[in-house]
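Novice: Structure in structure tokens, see below.
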Amino acid sequence: MAKVGFFEKLKSGLAKTREVLTTDIDVLILGKKDIDQNLYDELEELLISADMGPQFTFDLLDEVKKRVSRKELDDASQIKKIMQQRMLDILRPVDHPLVIAKGKPFVIMVIGVNGSGKTTTIGKLSGQLRSEGHDVILAAADTFRAAAIEQLEVWGRRVGAPVIKQAMNADPAAVAFDAMGKIKAGFQGVLIIDTAGRLHTRTNLMEELKKVKRVIGRELPGAPHEILLVLDATTGQNAVMQAKIFKDEIGATGIVLTKLDGTSKGGVVVRIAGELGLPVRYIGVGEGMDDLRPFDSREFTFALLD
């Protein structure tokens, strides 16, 4: 897909969040010259409703107030430019696409709660990796849902990636062990391991994921090379809470934010970046294979606030 084409796709995919931020802010500041408390209050409400988070909202308003007091800002229309710059300042440090070298094994452990789009993300990612010339093997370590195993097999057939599986309710760590055996036997490509995503608050799930991670690391020191956390953007604040738990408990190393096309809460990207500092690897803005895209902070910010 051409660069311009994807930028338009991104703008379209972010339409609901864009409407809250760009359209509503434009309406709010249209024709206003006075920057007063009413404007601050309405702007605060807008930012919170887009799930930008209290810290970003406070910092932005604080910056605007300081500029007003220094007489550097006398027109409400300039507020959007300040907001754009602050978003970029927060997002640039987490703008780190996943780089996978060829010729040696690379293990990705994918985590996240059920319904976040984990298996679909694995399918799309594996398809992209295959198109880039990587060999890919998938492992179905979410053994508690027959649908998860079946869905992974469907994706495996679609993209040309073998799927390692066991019977439903098998030990997920045993599936991971089998998958790591492929690397021990000489596989030099990308191994993507799906995991269960029952409620993130459940201690037993976290212990199970830790066990899978230990088995991977025991079989190949330094692995998993990436622990990819898939978050559903439509859940807004809950996505932030999930990210904190999975980062602390499992050591998530990167984030995929899915379903941005279905929410007005796309500002949660800014909140996650600001509060957790985890690299945002990919964003999902649609159903198609090409709609899972490496995160680009500049494109994302301008797609929201252009």
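We did not get these values from a lab; they are worked out from the coordinates using the rules stated. Computed from a predicted model, the values in this text were never measured in an experiment. Note: ideal-geometry Cβ built from the backbone for every residue, glycine included; neighbour counts use all protein chains shown.
Novice: Tilt of helix 172-184 relative to the longest C-alpha principal axis of the chain, in degrees (0 to 90, nearest 10)?
Specialist: Long axis of 172-184 versus the principal axis of the chain: about 70 degrees.
Novice: Excluding the sites themselves, what is the longest stretch of the chain that contains no GluC sites (Glu not before Pro) in a DSSP loop with at most 14 other C-beta atoms within 10 Å?
Specialist: It works out to 133-286.
Novice: Tilt of helix 146-159 relative to the longest C-alpha principal axis of the chain, in degrees (0 to 90, nearest 10)?
Specialist: Relative to the chain, helix 146-159 is tipped by roughly 90 degrees.
Novice: In addition: Per 0.36 nm of contour for each residue apart, how much would the distance between ARG214 and GLU8 grow if the chain were fully extended, relative to their Cα-Cα spacing?
Specialist: Additional length available on full extension: 69.9 nm.
Novice: Going by amide H atoms built from the backbone, whose H comes under 5 Å of the H on ILE111, apart from near neighbours?
Specialist: Excluding prolines and chain starts, which carry no amide H, the hits are LEU228, LEU229, VAL230.
Novice: Please list 3J(HN,Hα) in residue order for segment 226-243, calculated via the Karplus relation 6.51 cos²θ - 1.76 cosθ + 1.60 where θ = phi - 60°; whole Hz, with x for glycine and proline.
Specialist: 3J(HN,Hα) across segment 226-243, in whole Hz: 9, 10, 8, 9, 9, 10, 8, 4, 5, 7, x, 4, 4, 5, 5, 4, 4, 4.
Novice: Explain nothing, just the number: relative contact order of the chain, from Cα pairs under 8 Å at least 6 residues apart, as a whole percent.
Specialist: Normalised by residue count, the contact order of the chain is 28 percent.
Novice: If I model a spin label as a point 7 Å beyond the Cα along the Cα-Cβ vector, how far apart are those points for GLU249 and ARG92 in nm?
Specialist: Calculated label separation equals 3.5 nm.
Novice: In the chain, which longest range has no trypsin sites (Lys or Arg not before Pro) that are both DSSP loop (not H, G, I, E or B) and surrounded by at most 13 other Cβ atoms within 10 Å?
Specialist: 203-306
Novice: Read phi for every residue in segment 95-107 and hand back ³J(HN,Hα) as whole Hz from Karplus 6.51 cos²θ - 1.76 cosθ + 1.60, θ = phi - 60°, with x for Gly and Pro.
Specialist: 7, 10, x, 6, 10, 10, 6, 8, x, 8, x, 9, 10
Novice: Using 0.36 nm per residue, how much length does the chain from GLU42 to ASP26 gain when fully extended, once their Cα-Cα distance is taken away?
Specialist: Contour length minus Cα-Cα distance gives 4.6 nm.
Novice: Please determine, in degrees from 0 to 90 and to the nearest 10, the orientation of helix 118-131 with respect to the longest principal axis defined by the Cα atoms of the chain, where the helix direction is its Cα long axis.
Specialist: 80
Novice: Okay, next question. Can you tell me how segment 256-297 classifies by the Cα gyration tensor, rounded, prolate or oblate, using a/c under 1.5 as the rounded cut?
Specialist: oblate
Novice: Go ahead and set up a Gaussian network model of the chain, Cα springs under 10 Å, then flag whichever of ILE82, ILE227, ILE255 fluctuates most.
Specialist: It is ILE82.
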